[in-house]
1. Just to check I understand the Karplus step: with θ = phi - 60° and J = 6.51 cos²θ - 1.76 cosθ + 1.60, what whole-Hz values come out for region 47-61, glycine and proline as x?
2. Taking H as built 1.01 Å from N, whose amide H comes closer than 5 Å to the amide H of residue 240, not counting residues under 5 places away?
3. Provide the FRET efficiency to the nearest 0.05 for the residue 61-residue 155 pair, computing r from the beta carbons and using R0 = 25 Å.
4. Between rounded, prolate and oblate, where does region 129-285 land on the alpha carbon gyration tensor, with a ≥ b ≥ c its root eigenvalues, rounded for a/c under 1.5, else prolate if a/b exceeds b/c?
5. When the gyration tensor of region 180-271 is built from Cα positions, what are the square roots of 5 times its three eigenvalues, in whole Å, from largest to smallest?
6. If I fit a long axis through the Cα atoms of helix 269-285 and take the longest principal axis of the Cα atoms of the chain, what angle between them do I get, 0 to 90°, rounded to 10?
7. Nearest 10 degrees is fine. How inclined is helix 68-81 to the longest principal axis of the chain, computing both from alpha carbons?
8. Modelled label-to-label distance, residue 2 and residue 127, 7 Å Cα→beta-carbon offset: nm?
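Nothing in this text is a laboratory measurement; each read-out follows from the coordinates by a stated rule. Everything numeric in this text was worked out from a predicted model, so none of it was measured. Every residue, glycine among them, receives a Cβ derived from its backbone with ideal geometry; neighbour counts consider all protein chains shown.
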Amino acid sequence: MTRTVYVNGEYLPETEATVSIFDRGFLMADGVYEVTSVLDGKLIDFEGHAVRLERSLNELDMPAACSKDELLEIHRELVARNEIVEGLVYLQITRGSDGDRDFVFPDPETTKPTIVLFTQNKPGLADNPAAKKGAKIISIEDIRWGRRDIKTVQLLYPSMGKMMAKKAGADDAWLIEDGYVTEGTSNNAYYVKNGKIVTRPLSNDILHGITRKAVLRMAAEAQMVVEERLFTIDEAKEADEAFTTSASAFVMPVVEIDGVALGDGTPGPIAKSLREIYLEESLKAAI
Ligand code: PMP
């Protein structure tokens with residue numbers, strides 16, 4: 001089946017969808033994105049992603065390409081047309097193309113944003129075998145820009161981090177700035193010690209994860225203790241367990257950091273429990 005994608009108001013076969021070579025997303029990474037997961041053919045936390053998208057656009061003085069209702073309609077239409085039961089919807093909005101290359105932002109009255117959405121079919125997303133094994137991570141320096149709270153398409157360093165992890169025989173990397181863990185390459189980072197969950201507080205240093213917000217609410221509802229504060233990688237290495245959260249991997253247990261096994265080296269009880277709670281609750285609320 002040829003994938004149907006959405007580009008600037010049109011549903012097209014992926015082979016016919018095009019964007020200008022002058023698009024600022026392509027030339028300058030002048031764009032933002034969101035990834036919403038699909039379980040049971042329904043969108044997980046669409047509202048959270050739509051609100052963060054609006055915030056990202058506002059922070060960059062970028063006009064909204066369409067309304068929240070239209071966005072929901074496009075997400076649902078793509079899920080239906082591509083028969084996605086488990087998978088992802090990727091959305092990207094860039095500042096568009098004014099037909100040339102210039103550092104100065106084009107006039108939003110005459111240059112319309114580019115909006116692209118496509119689905120990724122991922123059968124087995126919820127029952128991911130990687131979550132049963134747990135992830136091995138390495139730590140690397142965080143050399144990204146200072147506005148990580150804006151979900152931009154500047155993903156070169158996160159990609160490099162994933163490659164460094166792969167080369168080291170690990171699954172992912174956590175980023176360290178001024179001695180403290182910021183977040184994972186594409187997820188928020190947590191460790192658990194003596195039943196207490198520790199994670200970095202929100203600021204411009206990390207992405208305000210939609211999954212983070214939901215998981216912290218669910219942890220509080222389950223009477224788990226959460227401490228939002230800075231933490232070092234050495235603290236995390238001495239933890240009983242650790243995990244990451246993201247819209248595409250939900251709650252992912254971490255079993256090893258820089259070659260040091262956490263606990264007995266298998267996914268910890270809190271990570272496993274939060275994964276189950278998150279999947280159950282999110283599915284109930286999916287639209
Ligand atoms: N931090 C970074 C750097 C990310 O790329 C992501 C995934 N987009 C996250 C955290 C997790 O955010 P979310 O739960 O909204 O997917």
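1. Karplus values, whole Hz, x for Gly and Pro: 4, x, 5, 5, 5, 5, 4, 4, 5, 4, 4, 4, 4, 9, 6.
2. For residue 240, the qualifying residues are 192, 193, 194.
3. Numbers: r = 21 Å, r/R0 = 0.85.
Efficiency, rounded to the nearest 0.05: 0.75.
4. Numbers: a/c = 1.42, a/b = 1.19, b/c = 1.19.
Taking the square roots of the gyration eigenvalues as a ≥ b ≥ c, region 129-285 is rounded.
5. Values: eigenvalues 66, 45, 33 Å².
Its equivalent ellipsoid spans semi-axes of 18, 15, 13 Å.
6. Approximately 30 degrees, to the nearest 10.
7. Rounded to the nearest ten degrees, it is 80.
8. Modelled inter-label distance: 3.3 nm.
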